[in-house]
Amino acid sequence: MKNIVDPISHASMILNWSGIAIYTDPVGETKLFLGKPDPDIILLTDIHEDHLDIARLKVLAVEKTIIVAPKAVADLLPDELGPKIFVMKNGEKTDRLGFSIEAIPAYNIPESDKAFHTKGRGNGYVLEKDGKRVYISGDTSGTPEMKNLQNIDLAFVAMNLPYTMGIEEATEVVLAFKPKKVYPYHYRTPNGFSDVAKFKTLVNTGNPAIEVVQLDWYPK
């Protein structure tokens, strides 16, 4: 699984895995996607504009592209993308292009109708192929579902208060499910950026065996 991660910006990334290009929440200017492979799979996690860019989807989606999304997101997509969309509810699993995909609940706790992210609306995802497992959190707190994840090789964990977790909560949940590698992502806040260097220190103080990988998610 070496060098499969291509960070684009904030919540957007590409996993180049076994010849399949898996995009997550592609958002942003055309220049961010120049020279990138056409998406085989696009994973969408939530309805907010830092995750859902309909104009970008219409450009990126080619004939072969499969779009995986929760119903709340699928309901916002234009009819022209309809044949490409596969809707997944929290907890559902599917097999696509040789990958097992599981939709993991992504929501804020304590649960509230006024929360930024209500339970049942958004998905995180666990992808599995050839015994390797990758978790993409989406916008979420440190939920019981996340803490109970097993055998995760790579984890992408969002941390930007007040919308998702702070670094202390993110540390707690990462130490609970013990991924082999964790990538802080989605860490821009209303006041700047979460302290991902401190997150690394906290995680490695708690468990030196977890590798914390810092990539550039915010190109100039």
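What follows draws every value from the coordinates through simple rules; no lab data is involved. Computed from a prediction, not measured in an experiment: that's the story for all the values here. Positions of Cβ are generated from backbone atoms using ideal geometry, with glycine treated the same way; all protein chains shown enter the neighbour counts.
Rounded to the nearest whole Hz, the Karplus-based 3J(HN,Hα) values (6.51 cos²θ - 1.76 cosθ + 1.60, θ = phi - 60°) of segment 201-210 follow the sequence 4, 5, 5, 6, 5, x, 7, x, 6, 7, with x at glycine and proline.
Need one number for segment 5-212: average projected area of the convex hull over its C-alpha atoms, nm².
Hull-based average projected area comes out at 11.1 nm².
Extending 7 Å from the Cα toward the beta-carbon at both ASN148 and LYS132 defines two label points whose distance is 2.8 nm. Residues in segment 140-147 carry Karplus couplings, in order, of 7, 8, x, 6, x, 4, 5, 4 Hz; the curve used is 6.51 cos²θ - 1.76 cosθ + 1.60 with θ = phi - 60°, and Gly or Pro positions show x. Rounded to the nearest 10 degrees, the inclination of helix 167-177 to the longest alpha-carbon principal axis of the chain is 80 degrees.
If each residue of separation counts as 0.36 nm, what is the full-extension length gain between GLU80 and ASN16 once their alpha-carbon separation is subtracted?
Extra length from GLU80 to ASN16 when fully extended: 20.4 nm.
Computed from backbone phi, the HN-Hα couplings of segment 180-193 come to 5, 10, 10, 10, x, 8, 6, 10, 6, 10, x, 10, x, 9 Hz, rounded to whole numbers (Karplus: 6.51 cos²θ - 1.76 cosθ + 1.60, θ = phi - 60°; Gly and Pro given as x). Residues considered: GLY98, GLY142, GLY122. Largest GNM mean-square fluctuation over the chain, using C-alpha springs under 10 Å, is found at GLY98. Once amide H atoms are built 1.01 Å from N in the peptide plane, which residues 5 or more positions from ALA155, or in another chain, come under 5 Å H to H? The answer is TYR135, LYS181, VAL182, TYR183. The simple spin-label model puts a point 7 Å past each Cα toward its Cβ; for THR189 and LYS64 those points are separated by 4.2 nm. Using a cut-off of under 18 Å, list every residue of segment 112-127 whose amide N is near the label point 7 Å from the Cα of HIS48 along the Cα-to-beta-carbon line. Only 112-125 pass the distance filter.
For segment 4-89, what percent of Cα pairs sit more than 18 Å apart? Walk me through the numbers on the way to the answer.
Details: 1256 of 3655 pairs.
Within segment 4-89, distances greater than 18 Å cover 34 percent of Cα pairs.
The amide H of ILE66, built 1.01 Å from its N in the peptide plane, has ILE41, ILE42 as neighbours under 5 Å, considering only residues 5 or more places off or on other chains. At full extension, LYS93 and LYS31 could sit 19.0 nm farther apart than now, given 0.36 nm per residue minus the alpha carbon distance. For the pair VAL213 and SER112, label points projected 7 Å from Cα toward Cβ lie 3.6 nm apart. When Lys and Arg each count +1 and Asp and Glu each count -1, what net charge do the other residues less than 15 Å away from LEU175, Cβ to Cβ, add up to? Combined, the nearby Lys, Arg, Asp and Glu give +2. Where the centre of each part is set by its Cα atoms, how far does segment 55-74 sit from segment 131-194, in angstrom? First find each Cα centre; the distance between them is then 24 Å.
Less than 5 angstrom separates the built amide H of THR189 from those of SER194, all sequence-distant by 5 or more or on a different chain.
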